[in-house]
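What follows is calculated from the coordinates using simple rules that are stated; it is not laboratory data. Only a predicted model underlies this, so the values are computations on that prediction, with no experimental measurement involved. Because the Cβ atoms are built from the backbone with ideal geometry, glycine has one as well, and the counts that use them run over all protein chains shown.
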Amino acid sequence: MPFVDTQLVLFDEDYRKVLAVCERLARDAHAKGVFVVDKNGQLMAEAGDVRGLDTTSLASLTAGSIAATGGLAKIIGEEEFPIHFHQGQRDNLHMTVVAKRIILVVIFDERSSLGLVRLRVKKAGSELARLFEEIQKKSERARNSATSPFAEITDDDIDKLFAD
Amino acid sequence: MSFINYASREINCKVVYYGPGLCGKTTNLQHIYAKTNPDLKGKMISLATETERTLFFDFLPLALGQIRGFKTRFHLYTVPGQVFYDASRKLILKGVDGVVFVADSQIERMEANLESLDNLRVNLGDQGYDLGKVPYVIQYNKRDLPNAAPLDEMQRLLNPGGAPEFEACATVGKGVFETLKAVAKGVLTDLRKMAR
């Protein structure tokens, strides 16, 4: 049966909880950077030393990579490959699909190890899964609620975006 | 689908440019990239073959300005147009908020346009979307070429539903921003509908 993604709404308090998980993971796994990316390629949170990184592109390419390997998985009869690891000369990339909806990305170098990252990601992944279950429910409520900032936008608001 | 972030007061939407091979999807994004203020755009990414044919997708993040205190960001994607990349096209449509169909006006590409439009309908359907309900605009590209099909014939064949439509020549930028504005407007109007 086809499945249409629902709109995701991230409130301040939930963002802070997601960020806290990312920051703890970055610390505990001795990671350079930790990112939470939605499967559609939107960056939701980041922690660690991410200066100079093009995080928007990182998010989009992460989602593309997970989507492509997900397609491969289906061809060979798997539902998904939930864990991806790319080894570089200096830096490594570890990606995990959490709660079928988001991707947890960890960048680490020789100060950490794959074993440690996998161990810490497992714990952080379950915490994020719980958080996103709640976020998903709130998103659905927000979508049907009159408090949405988009319920009251006017044609004029939209036209102003394209004024020049 | 769109992502509303209250923490950063941002709304992110995804727009996909669809159409047959060599119709000018990448050229549309290249023109937008070239003509947009550097503060409002991110890096454009093209996953292409050595002969510069799109292999997986092009990606361009764009900021449009604020609406009710929220920064609106559009992520523009193209699909690979060549017929055999269908699996990739399906993946890129996931989570789409708005679609631009770029048609090639050359009369000998009419069948390719029709095939691609049909493919769009099927692939959207596989994801649970209906082309009639998704914000959607059509662009008749390459209007400057001598072998361009008459506009009314293209309208009759490709746009019987009367979606917003634009004539374009993407290589020189004609019609490119008009198309983008129309699809962005459609997406925002749809957000309002969903919120009500």
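Of A:109, A:54, A:28, which has the largest mean-square fluctuation in a 10 Å C-alpha GNM of chain A? Its mean-square fluctuation being the largest, the pick is A:54.
Dipole of chain B computed with +1 at Lys/Arg Cβ and -1 at Asp/Glu Cβ about the Cα centre; of B:136, B:5, B:55, farthest Cα towards the positive end is B:5. Maximal additional length on extending the residue A:80-residue A:155 stretch stands at 22.8 nm, based on 0.36 nm per residue less the C-alpha distance. Only beta bridges with both residues in the range B:3-195 are counted; by DSSP, about 45 percent of them are antiparallel.
Exposed loop sites here mean GluC sites (Glu not before Pro) with a DSSP loop assignment and at most 15 other beta-carbon atoms within 10 Å; chain A contains its longest site-free run at A:1-77.
Between the range B:136-151 and the range B:22-71, what is the separation of their alpha carbon centroids in Å? Result: 21 Å between the Cα centres.
Relative to the globular-protein estimate of 2.2 N^0.38 Å, the Cα radius of gyration of the range B:44-185 stands at 1.06.
The sum of -39500 (n - 2.57) across all DSSP H runs of n ≥ 4, divided by the residue count of chain B, sets its helix-only mean residue ellipticity at 222 nm to -10000 deg cm²/dmol. Applying 1/(1 + (r/R0)^6) with r as the Cβ-Cβ distance of residue A:134 and residue B:9 and R0 = 25 angstrom yields a FRET efficiency of 0.75.
The trypsin sites (Lys or Arg not before Pro) of the range B:101-176 meeting both criteria, a DSSP state outside H, G, I, E and B (loop) and at most 12 other C-beta atoms within 10 angstrom of the site's C-beta, are B:133.
Scattering from the range A:1-58 was approximated by placing one identical point on each alpha carbon and applying the Debye formula without solvent; log10 I(q)/I(0) at 0.17, 0.27 1/Å stands at -0.63, -1.16. Within the range B:161-186, whose backbone N sits under 20 Å from a point 7 Å along Cα→Cβ of residue B:118? The answer is B:161-162.
Local charge for residue B:54 was computed over the other residues whose Cβ lies under 11 Å away, with Lys and Arg +1 and Asp and Glu -1, and equals +1. Computed from backbone phi with θ = phi - 60° and the Karplus coefficients 6.51, -1.76 and 1.60, the 3J(HN,Hα) list for the range B:70-85 is 9, 6, 9, 10, 10, 9, 9, 10, 10, 9, x, x, 5, 3, 6, 9 Hz; x is used for glycine and proline.
Working from Cα pairs under 8 Å separated by at least six residues, relative contact order for the range A:50-117 is 18 percent. If you find the alpha carbon centre of the range A:94-122 and of the range A:20-81, how far apart are they in angstrom? Here the answer is 9 Å between Cα centres. Between 0 and 90 degrees, the angle of helix A:12-28 with respect to the longest Cα principal axis of chain A falls at about 10 degrees. The local environment of residue B:155, defined by Cβ-Cβ distances under 14 Å, has a net charge of -2 under the rule Lys, Arg +1 and Asp, Glu -1. Counted as membrane-span-like here are DSSP H helices of chain B whose alpha-carbon atoms extend 15 Å or more along the helix's own axis and whose Kyte-Doolittle mean is -0.5 or above; these are B:110-126, B:176-195.
Under 22 Å of direct C-alpha separation, and excluding same-chain neighbours fewer than eight residues apart, residue A:160 reaches these lysines: B:14, B:35, B:41, B:71, B:174, B:181, B:185, B:193. Shape descriptor for the range A:45-164: Rg over Rh equals 1.08 (Cα atoms; Rh from the Kirkwood inverse mean 1/r). How much of the calculated P(r) for the range B:4-48 lies past 11 Å, in percent of all Cα pairs? Beyond 11 Å sits 76 percent of the P(r) for the range B:4-48.
Averaged over peptide B:4-15, the number of partner chain Cβ atoms lying within 10 Å of each residue's Cβ comes to 6. Mean sequence separation of contacting Cα pairs (under 8 Å, at least six apart), scaled by the length of the range A:12-161, corresponds to a relative contact order of 23 percent.
Counting Lys and Arg as +1 and Asp and Glu as -1 over every other residue whose Cβ lies under 13 Å from the Cβ of residue B:43, the net charge comes to -1.
With coordinates expressed along the principal axes, the C-alpha atoms belonging to the protein assembly as shown extend over 64, 47, 42 Å, beginning with the largest. The GluC sites (Glu not before Pro) of the range B:1-96 meeting both criteria, a DSSP state outside H, G, I, E and B (loop) and at most 16 other C-beta atoms within 10 angstrom of the site's C-beta, are B:50, B:52.
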